[in-house]
Amino acid sequence: MDVHSKTDSFCILWWMKGAKGQVPKKVMQGKTECIMDNLDPTFVTAIECDFYFEEQHTFMLEVYDADDHTNLNALDK
């Protein structure tokens, strides 16, 4: 945990797939770039998603502070 510096943030967009009443499965749709040392980042990476007409879509956006810049997939740290 980097307590002595500003946030190194990036976002992940998850599509929450699953039937109603079931536990949804998280499917990663995309990830932004990591913005270093910035408390008010502006992300430029677009994340495109499929759209199915007349279906309900549930998405979850998570924002992370990157502690290990060499491994942005280690989300549990």
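No lab work stands behind these numbers, since they all come straight from the coordinates. None of these values were measured; they are calculated from a predicted model. For neighbour counting, all protein chains shown are included, and Cβ atoms are generated from backbone atoms with ideal geometry for every residue, glycine included.
Points to keep in mind about this one:
- 3J(HN,Hα) along the stretch 21-35, derived from phi through the Karplus expression 6.51 cos²θ - 1.76 cosθ + 1.60 where θ = phi - 60°, amounts to x, 9, 5, x, 9, 7, 10, 5, 9, x, 9, 7, 6, 8, 9 Hz, with x in place of Gly and Pro.
- Approximate spin-label separation Thr42-Glu62, in nm, with each point projected 7 Å along Cα-to-Cβ: 2.8
- Three-way shape call for the stretch 9-65 based on the alpha-carbon gyration tensor, with the a/c threshold at 1.5: prolate
- Placed amide H near Ala66: partners under 5 Å, 5+ positions off or other chain: Asp8, Ser9, Phe10
- In a reduced charge model with +1 at each Lys and Arg Cβ and -1 at each Asp and Glu Cβ, the stretch 9-65 shows a dipole moment near 380 debye about its Cα centre.
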